[in-house]
Every structure is written in C-alpha cells, then in structure tokens.
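> A single structure is presented below for examination.
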Amino acid sequence: MTSSTTILLLLALVGFSSGSYMSQENSAKLAQLHLNMVLLASSSHEYGMLYELIPRGYDIDRFLQDHPNSITKVTVEQMQPREHMMPLASFETVNGQKFYAMFKLTPSSSSPTGYVLSKGFICHSTFCAGEFPSV
C-alpha cells in the first residue's frame with residue numbers, strides 16, 4: 001500500500017468518525033428540543049401539542065400528571081449507544097428532586113419535531129445505572 005493510499009484511507013476514516021459524532025450531537029440536540037417542547041406543552045396545558053409529542057397514557061404522560069407544574073428543567077444527559085435516538089434525560093423539580101428517564105424517539109409525521117416518544121422508562125437510580133429497560 002502506498003503512502004498516498006494510506007493517507008487517503010486515514011482521511012476517510014477521520015471524516016467518517018467526525019460525521020458519526022456530528023450525527024450523535026445532532027440527535028442529542030433534537031432530543032433536547034423534543035423534551036423541551038414536551039415540558040412546555042405540559043406546563044402550559046397545551047394538550048393537543050403534548051399528545052403530538054408523547055403517547056397518551058404512557059409512563060411519561062403519567063409522570064407529568066403526577067408532577068404537574070413541578071418540573072423546572074429537563075436535560076438530555078447522553079444518547080444511549082445501544083440504539084439510535086434513545087436519550088437518557090434528567091428532570092429537575094421545584095423542590096430540588098431529580099429524576100432520570102430513558103426514551104425511544106420514533107419518527108412521526110404528525111409531530112412538530114418529526115418524532116414521538118414511543119416508549120419511556122422512569123429510572124429508579126442515578127443515570128439509570130444497572131437498569132436495562134426494554135425501550
């Protein structure tokens with residue numbers, strides 16, 4: 001293998017790696033936007049919008065109903081490497097409690113973000129350590 005071929009292969013590998021990283025970063029940004037919209041729709045009682053973003057009656061819906069107007073911030077902590085569009089997020093409440101959850105975002109043409117939280121799992125431990133939900 002010539003040195004120019006080796007250099008081209010290395011450049012292609014670097015380009016591919018950075019492209020994958022950007023995709024992961026963009027996925028995290030989209031997940032953050034989606035969760036911010038869920039929080040806004042829930043706190044402003046915009047149920048039409050809320051149920052375009054999440055399925056009615058699922059864990060996240062019950063969680064938001066159990067904590068009405070007490071969630072002050074939602075943060076995508078990381079994107080799970082196991083599957084595409086599977087964020088781990090934290091929810092902070094007005095009294096300082098912090099909850100963690102994992103979600104699966106599925107494409108949806110009826111959602112303003114293009115995705116819907118198709119599955120969710122409220123964790124019992126920090127960062128869902130040791131928990132392997134079936135989302």
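> Among (1) modelled with pLDDT under 85; (2) in a strand (DSSP E or B), which single condition is GLU92 missing?
(1)
> Any residue at all in region 8-31 that is of a type in the set (Asp, Glu), in a helix (DSSP H, G or I) and either modelled with pLDDT under 85 or more than 24 Å from GLY130 (Cβ to Cβ) (or both)? First the steps, then the outcome.
Filtering region 8-31 for residues of a type in the set (Asp, Glu) gives 25.
Then drop every residue that is not in a helix (DSSP H, G or I), which leaves 25.
With the extra rule that they be either modelled with pLDDT under 85 or more than 24 Å from GLY130 (Cβ to Cβ) (or both), the set shrinks to 25.
Yes - at least one qualifying residue is present in region 8-31.
> Can I ask one more? Please work out if PHE127 is buried (at least 16 other Cβ atoms within 10 Å of the Cβ) and touching a strand residue (DSSP E or B) at 6+ places or on another chain (Cβ under 8 Å).
Taking the combined requirement at face value, the residue does not satisfy it.
The values are calculated or read from the model by the stated rules, or taken from the named source; none is laboratory data. Worth saying up front: this structure is predicted, and the values here are computed from it rather than measured. Neighbour counts run over all protein chains shown; Cβ positions are idealised from the backbone, glycine included.
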